[in-house]
1. Consider only pairs whose beta carbons are under 8 Å apart and that are at least six residues apart or on different chains; among these, list those whose first residue lies in segment 314-333 and is over 21 Å from Pro238 (Cα atoms) and whose second residue is open to solvent by 70 Å² or more (accessible area, probe 1.4 Å) and modelled with pLDDT under 70.
2. Kindly check whether there is at least one residue in segment 157-176 that is of a type in the set (Asp, Glu), part of a loop (DSSP other than H, G, I, E, B) and within 19 Å of the chain's Cα centre (by Cα).
3. May I ask you to list the residues in segment 300-319 that are hydrophobic (A, V, I, L, M, F, W, C), assigned to a helix (DSSP H, G or I) and under 27 Å from Ser269 (Cβ atoms)?
4. Taking segment 20-51, which residues are assigned to a strand (DSSP E or B) and either touching a residue at least 60 places away in the same chain (Cβ under 8 Å) or among the polar types (S, T, N, Q) (or both)?
5. Take the residues in segment 134-161 that are aliphatic (A, V, I, L, M) and more than 18 Å from Tyr101 (Cβ to Cβ), then tell me which one is surrounded by the most Cβ atoms within 10 Å (Cβ to Cβ).
6. Write out, first by first residue and then by second, each pair whose Cβ atoms fall under 8 Å of each other, whose residues are 6+ apart or on separate chains, and whose first residue, in segment 247-272, is under 18 Å from Asp214 (Cβ atoms) while the second is assigned to a helix (DSSP H, G or I) and open to solvent by 90 Å² or more (accessible area, probe 1.4 Å).
7. In segment 49-76, which residue that is open to solvent by 70 Å² or more (accessible area, probe 1.4 Å) and within 30 Å of Arg223 (Cβ to Cβ) is modelled with the highest pLDDT?
8. If you check every pair at least six apart or on different chains, which have Cβ atoms under 9 Å apart with a residue in segment 278-297 that is within 13 Å of Ala200 (Cα to Cα) and in a helix (DSSP H, G or I) first and a residue that is of a type in the set (Phe, Trp, Tyr) and open to solvent by less than 30 Å² (accessible area, probe 1.4 Å) second?
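The values are calculated or read from the model by the stated rules, or taken from the named source; none is laboratory data. Computed from a prediction, not measured in an experiment: that's the story for all the values here. Every residue, glycine as well, gets a Cβ built from its backbone with ideal geometry; the counts of neighbours run over all protein chains shown. Surface accessibility is based on the protein's heavy atoms, side chains included, excluding ligands, DNA and RNA. Shrake-Rupley method; radii C 1.70, N 1.55, O 1.52, S 1.80 Å.
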Amino acid sequence: MSDFWLDREGSAGNWYVFWGEGRRTKRRSMGATNKELAKARQKVFIAKLLQPKNAQPDDILVESVLSQYQDDHGSETLSADTAERTVEHLKTYYAGKTVAYINKTTNKEYEKARRKFGWSNATINRTRNTLRAALNHAVENGDLRAAPHVPTLPTLPAKERWLQRVEAAKLLRAARAKTVYEVRRDYLVLFILIGLYTGARHEAILSLTWDRVDLQTGRIDFRRPSQAETKKRRPNAPVSPRLLTFLRYARKKSNGTHVIEHRGGPVLSVKKAFKEACTRAKLKDVTPHTLKHTFITWLLREKVPVWQVAGLTATSVATITRVYGHHVQDDLAEALMAVHRRSTHKAPISPNKG
């Protein structure tokens, strides 16, 4: 194999790495218009290209492992933008380091470094999940002989913040209000309504297209076509008549393909606008994911059976019982009392009766 070199190509001005194999010249885009960034990516690309199969941990770069994982699984993640940011963060932190660098001491150093930026154990765990998955993928792919241990830190039980109906009303009013730029964010109102009435996740709502909304039968299929489902499944369920009314109104005003659109195009994130609306509504500890918690909690407090809630939200019964179980404790107590009442109508059985 001959030398590698960088050159610009295409109307976008991206840098490509070129190399020769026999009489053929091959190329690979570095996905960068900045030469320094392209050089850094070239280094990782070459290392990955030249690395031996079933390599020892000190023969393969962490960046290479992460790049391969991103290439193979990046499009299957729940939130592509979040996954990309996580991978880029890990690449930056472990730049130039081989897999052998990851050990008990350096794991502690990573935790200490992240806490300086206010990261919680849960945030560190989420980032490490990506690193661990990339390392395991390299082993399964035959690129890495063995993966080092990446620990999981203990965490407190997740806070299950949900909105009272009066809080939900405040949030909607705040979302409907004009911003400091005198702009109404109608897309945010529709996003909140879909979240409150379906329990779908942030990214699932934003990626929803009109062809998966049946305005006649009143069903929404949040599953993306031709894409395998992850652990965080997406619901395919009927919607309430109230939400259906809002969706029909929004469809009449929309000429685009996505349900949540702004200025003629899909919305990539509502987190900033959502946070501003929460501030105006004076709501604390509320995020877009709170809408899912709210929908599930409302259903359970209306005594909807857990298995039906699971079906509507594509959430396992075990998860609902574990996270929201305290909302059904009254129902369990009532069930126990019902059994007790039935048993008192029967004559007690004597223990001596043969």
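1. If the second residue must be open to solvent by 70 Å² or more (accessible area, probe 1.4 Å) and modelled with pLDDT under 70, the pairs left are Val323/Ala158.
2. yes
3. Leu312
4. Within segment 20-51, Thr25, Ser29 qualify.
5. Looking at residues that are aliphatic (A, V, I, L, M) and more than 18 Å from Tyr101 (Cβ to Cβ), I get Leu153.
6. Thr257/Asp211
7. Asp71
8. Hits for this filter: Leu291/Phe191; His293/Tyr324; Ile296/Tyr324.
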